[in-house]
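One structure is given below, encoded as structure tokens.
The values are calculated or read from the model by the stated rules, or taken from the named source; none is laboratory data. Bear in mind that the values here come from a model prediction, so they are computed numbers and not experimental data. Every residue, glycine among them, receives a Cβ derived from its backbone with ideal geometry; neighbour counts consider all protein chains shown.
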Amino acid sequence: MHVAVIGGGISGATAAYRLRGQLGAAATITLFESGDRLGGKLRTIELAGQPYDVGAEAFLARRPEALALAKETGLGDRLTHPTGARSTIRAGGQQVGMPGGTVMGVPGSPEAVAGVLSEDGRRRVEAEAGLPPVRLDGDVALGALLRERFGDELVDRLVDPLLGGVYAGGADGLGLRATVPALASAIEKGARSLTEAAASLVPASPSAAPVFGTLAGGLGTLVERLVELAKPDVRLNTLVRGLRRTPAGFRLELVDEAVDVDAVLLAVPAPAARRLLEDVAPAASSALGSVEVASMAVVALALPPDAAVPDASGVLISAGEPLASKAFTFSSRKWPHFGDSALFVRGSVGRFGEPGALRADDEELVRLVRADLAELTGVTAEPLDTYVMRWGGGLPQYGVGHLDVVARVEREVARVPGLAVAGAALHGVGVPACIATATAAASRITSGPLPGGSVPS
């Protein structure tokens, strides 16, 4: 059996690994990647002589998939969790500790956000519980709902910065059910207000279990290990331009050749998946056309070890602040595995629909991020090393009705024997969610019929 996996990020690498485990050594697995390296949004570089992530830098540890896969592949001894340093937020011209007692910024009580909002903003939160009960008829725009119930300040100062760290987009362009499903569920179970819904979800006492995890040596090592174990035929710098069905399977149209395979697993961003599904699953392709994407950049700085970076894990920045950056991560404060040869910081730039500083070249982008760091922390030290990583169109936006879009895509793809899809455009943008979609897609390939009617072996 010959399976093509298109896309060499964490979804594609996981899929190749699962396919190898289920099909055995005799199967041919070819991993096609349009870029010059594998890893996708898991990108580990060398910065001042140390491995450093300039894509995803952590995964949600309260979901099991990433932790389990790291242990399964022999990387369990590299797992590490944050130090406990608190994050902060810059809003309304002041920098305060990130408030607890919220669900993605939606407060369970007025007191939870009193330090972030003005007195008028706090009163709007206090009054929300007395408004007519929330009624959900299908999906709704998260931003419109929150602004109607709480006013603009809560969204602009707290919710948008939190969402920006996940989607590089704000509440106005995202749907409630795909981005904060627990909140929608609480409302449907009887919560009359958003405050009541959030309060029902906030734990009575903080959990001792870490929320996030990563790998010492960089998350890119997970992709490397998956590929090492999967042993696929890796084809870098290879763009798959088209995909067509044949009587016995599929034909991949490359720039200067065609490759025939028995099955295809797509693990690429929504725009590429839409293009490749045009002929084999046109309805799925059409549905994916509604998934918009955002661009962003990470500016990595290795500072002298004595730089006076605050004892915090980082800072989120409200869109209303006169700064080019949307967030900073003080990696050396956040993670215990960094040595003392340098102090590592990364700044994030770019919000959906607002290219702003992304128009600047790399040198100017570093200057802008350093100016923001100086404004926020007073640190002006000359970096020992810098690196700019741009992610063009890399982050899908889960708009209103996203769950319906995904259901349609999966339903239409399921009608095509030997075809499966995975990736961040489906059921979550985080590493564990991508791993889950890849595992499910690989199982579909190995358990379902092939185009010619045969069964995988």
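Taken across region 223-232, residues that are surrounded by fewer than 19 Cβ atoms within 10 Å (Cβ to Cβ), under 30 Å from Ser87 (Cβ atoms) and in contact with a strand residue (DSSP E or B) (Cβ under 6 Å, 6 or more places away or on another chain) do not occur at all. In this structure, Ala85 qualifies as surrounded by fewer than 19 Cβ atoms within 10 Å (Cβ to Cβ), outside the structural domain of Ala112 (by TED's automatic domain parsing), touching a Phe, Trp or Tyr at 6+ places or on another chain (Cβ under 9 Å) and in contact (Cβ under 8 Å) with a residue 12 or more places away in the chain. You will find that of Ala287, Ala300, the residue that is within 22 Å of the chain's Cα centre (by Cα) and either at pLDDT below 95 or outside any strand (DSSP E or B) (or both) is Ala287 and no other.
Taking the listed residues Val259, Val227, the one that is closer than 30 Å to His337 by Cα and in the same structural domain as Ala13 (by TED's automatic domain parsing) is Val227, with no other qualifying. Before we move on, is Arg37 of a type in the set (D, E, K, R), outside any helix (DSSP H, G or I) and over 25 Å from Gly12 (Cβ atoms)? Here the answer is no, as Arg37 does not meet what is asked. Go through the residues of region 219-230 one by one and say whether even a single one is of a type outside the set (Ser, Thr, Tyr) and part of a strand (DSSP E or B). No, because not a single residue in region 219-230 is of a type outside the set (Ser, Thr, Tyr) and part of a strand (DSSP E or B).
Of everything listed in (1) free of Cβ contacts under 8 Å to residues at least 12 places away in the same chain; (2) small (Gly, Ala, Ser); (3) touching a strand residue (DSSP E or B) at 6+ places or on another chain (Cβ under 6 Å), the single unmet condition for Ala48 is (1). One residue stands out among those in region 147-177 that are small (Gly, Ala, Ser) and modelled with pLDDT under 95: the one that is farthest from Ile317 (Cα to Cα), which is Gly173.
In this structure, does Gly339 turn out to be assigned to a loop (DSSP other than H, G, I, E, B), touching a helix residue (DSSP H, G or I) at 6+ places or on another chain (Cβ under 6 Å) and either free of Cβ contacts under 8 Å to residues at least 60 places away in the same chain or of a type outside the set (A, V, I, L, M, F, W, C) (or both)? Here the answer is no, as Gly339 does not meet what is asked. Total residues in region 122-146 satisfying the condition of being farther than 27 Å from Ile317 by Cβ and hydrophobic (A, V, I, L, M, F, W, C): the figure is 5. Of the conditions (1) under 24 Å from the mean Cα position of the chain (by Cα); (2) buried (at least 16 other Cβ atoms within 10 Å of the Cβ), Val211 satisfies every one except a single condition; which number is it? Only one criterion in (1) under 24 Å from the mean Cα position of the chain (by Cα); (2) buried (at least 16 other Cβ atoms within 10 Å of the Cβ) is unmet by Val211, namely (2). With respect to (1) more than 23 Å from Gly164 (Cβ to Cβ); (2) of a type outside the set (Lys, Arg); (3) surrounded by fewer than 21 Cβ atoms within 10 Å (Cβ to Cβ), the lone exception for Leu358 is condition (1). Selection of helices (runs of 4 or more DSSP H) fully inside region 123-215 by the criterion of at least 2 residues being of a type outside the set (S, T, N, Q) and out of contact with any Leu (no Cβ under 8 Å at 6 or more places or on another chain) returns 142-150, 160-167, 194-201. For region 49-71, the set of residues classified as assigned to a helix (DSSP H, G or I) and of a type in the set (A, V, I, L, M) consists of Ala66, Leu67, Ala68, Leu69, Ala70, listed by residue number. The condition (being assigned to a loop (DSSP other than H, G, I, E, B), surrounded by fewer than 17 Cβ atoms within 10 Å (Cβ to Cβ) and either of a type in the set (D, E, K, R) or modelled with pLDDT under 95 (or both)) is satisfied by just one residue among Gly74, Gly100: Gly100. Residues of region 362-404 that are exposed (fewer than 15 other Cβ atoms within 10 Å of the Cβ) and of a type in the set (Ser, Thr, Tyr): Thr380 alone. Residues in region 113-142 that are within 28 Å of Thr377 (Cβ to Cβ), buried (at least 18 other Cβ atoms within 10 Å of the Cβ) and touching a residue at least 24 places away in the same chain (Cβ under 8 Å): Val113, Val116, Leu117, Gly121.
Taken together, the criteria exclude Leu426 from residues that are in contact (Cβ under 8 Å) with a residue 12 or more places away in the chain, outside the structural domain of Gly175 (by TED's automatic domain parsing) and not in a loop (DSSP other than H, G, I, E, B).
Counting just the residues of region 266-284 that are aliphatic (A, V, I, L, M) and in a helix (DSSP H, G or I), which one comes out farthest from Gly8 (Cα to Cα)?
Top of the filtered list is Ala283.
Answer yes if at least one residue in region 405-419 is surrounded by fewer than 19 Cβ atoms within 10 Å (Cβ to Cβ) and within 21 Å of the chain's Cα centre (by Cα), and no otherwise. Within region 405-419 (the criterion being surrounded by fewer than 19 Cβ atoms within 10 Å (Cβ to Cβ) and within 21 Å of the chain's Cα centre (by Cα)), the answer is yes, since at least one residue qualifies.
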